[in-house]
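What follows is a set of notes on a single structure, which appears directly below.
The values are calculated or read from the model by the stated rules, or taken from the named source; none is laboratory data. Source: prediction; values computed, not measured. When we count neighbours, we look across all protein chains shown, and the Cβ atoms used for this are built from the backbone with ideal geometry, even at glycine.
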Amino acid sequence: MEPRLEALYQNVRKVIIGKDEVVKLAVTALLARGHLLIEDAPGLGKTMLARAIAQSLRATFKRIQFTPDLLPSDVTGVTVFDPSHQRFEFFPGPVFAQVILADEINRTSPRTQSSLLEGMEERQVSVDGKTHLLPEPFFVVATQNPIELEGTYPLPEAQLDRFLLRLELGYPQADEEMRILAEQVHEHPIHQLQPVMEVENLLELQAEVRQVRVGPEVMRYIVSLVGATRASPETRLGASPRGALALMRAAQAHAFLLGFSFATPDSVKTVAPHVLAHRILLEPQREYTGLSRKKLIGDILKEIPVPTLPHDKVVHQVQK
C-alpha cells in the first residue's frame, strides 16, 4: 500500500475498530472521487467513519441532519440582499465542505434530497440562477436507517445510482466490542485523531488513480458481470453502462490502494457487490421469497469465469 494511503487507512482504523474491509472500501470510494452510502442500524459508527476520514485529511467537515422540514436552501445556502452595500450576497450552506455527512438522507423530501444529489453529480449547485462550484475534494457519506421506515422518502433508483458504493457496517465481534469499550473509558478516540495527509496529497492520489491501467481482459470481465445482471431472470432492471463505468473506477481505486498499477479481477470481485447491488431491481416475486440484491451479485460472480492476466504483467508488478 502506498505510504500515504497506509497512514490514512491505519488512522481511520483507530476509530473504526474491527471493520478493516469497510475502511478499505470507504478509502476506495474516496480515491475514485465517488460517494458512499451506508445503510445500517444506529450506533454502528457511520458518523465516526465520516469524521475520521475528514480529520485524517485535515479537510473541512459538515454534518447535515436530514429531517422532513429541511429545505433545499438549508443545504445549498441562500442569497440575501445587503442594504448597506445595495447588493445580493450569497451565504453558502453546509454542502460547501470537503467531507459531508448526510445523516438519514431518506428522512427528508425528494426536493431536498435532489439539492444534495445535484452537487454530488455536478460538483456544483445552482442558487437563484447562479452556479457555485463546490470545493475539491468533495466526498459525501450518506446514511440510511433501514429499521425505522415510517415517514421516510426512499431514494429512487436514479438517485441511488449517484453513489459509487453502498456499504453495511454490521455489528462488531465480542473481542472487538471489548476493545471499543476499553478505548472509550475516558473519551472517544476521535478526539485524539491527528491529520496524516493534506487534501492536496489526496488530489494528487485521485489523479494517479485515473492512470491505473485497465486491460481488455478486465474490461470484458466487467462487461460480462454487468451484462449478466441484465440477462438474469431474477432482475427487472439490470445495471446500466454508468454502473459498468462505476465498477471500473472502483476497481482502479481498489487496485491502486493495494499497490497495483493496473486493475485486477480480484479488485473487480471485491467491489462488485457494493457497486452493482444498488443499481439493479429484482423481480417483485423474487424479493418476496427473500432473494437479496447482494446475493444475486454474489451468484453472478460465481458463474462468470474470472480472467487470467498475462504472466508478464503480474511479474512486472511483483518486481516493482
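Quick look at the values:
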read-out	value
Top-ranked residue of the range 46-69 - restricted to ones that are buried (at least 22 other Cβ atoms within 10 Å of the Cβ) and touching a residue at least 60 places away in the same chain (Cβ under 8 Å), ranked as nearest to residue 115 (Cα to Cα)	50
Residue in the range 126-141 that is farthest from residue 91 (Cα to Cα), counting only those that are modelled with pLDDT of 90 or more and touching a strand residue (DSSP E or B) at 6+ places or on another chain (Cβ under 7 Å)	141
Residues of the range 70-87 classified as in contact (Cβ under 8 Å) with a residue 24 or more places away in the chain and of a type in the set (A, V, I, L, M, F, W, C), total	4
Count of the range 41-80 residues which are assigned to a strand (DSSP E or B) and over 24 Å from residue 111 (Cβ atoms)	1
Positions within the range 17-45 being touching a residue at least 60 places away in the same chain (Cβ under 8 Å) and β-branched (Val, Ile, Thr), in sequence order	17, 22, 27, 28, 38
Helices (runs of 4 or more DSSP H) contained entirely in the range 206-288, each with at least 3 residues that are of a type in the set (Val, Ile, Thr) and crowded, with 20+ Cβ neighbours inside 10 Å	216-231, 265-276
Among (1) modelled with pLDDT of 80 or more; (2) over 17 Å from the mean Cα position of the chain (by Cα); (3) not aromatic (Phe, Trp, Tyr), the one test that residue 165 misses	(2)
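Rundown of residues vs (1) in contact with a His (Cβ under 8 Å, 6 or more places away or on another chain); (2) modelled with pLDDT under 90; (3) outside the structural domain of residue 199 (by TED's automatic domain parsing); (4) of a type in the set (A, V, I, L, M), yes/no style:
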site: 78; (1), (2), (3), (4): no, yes, no, yes
site: 83; (1), (2), (3), (4): no, yes, no, no
site: 101; (1), (2), (3), (4): no, no, no, yes
site: 113; (1), (2), (3), (4): no, yes, no, no
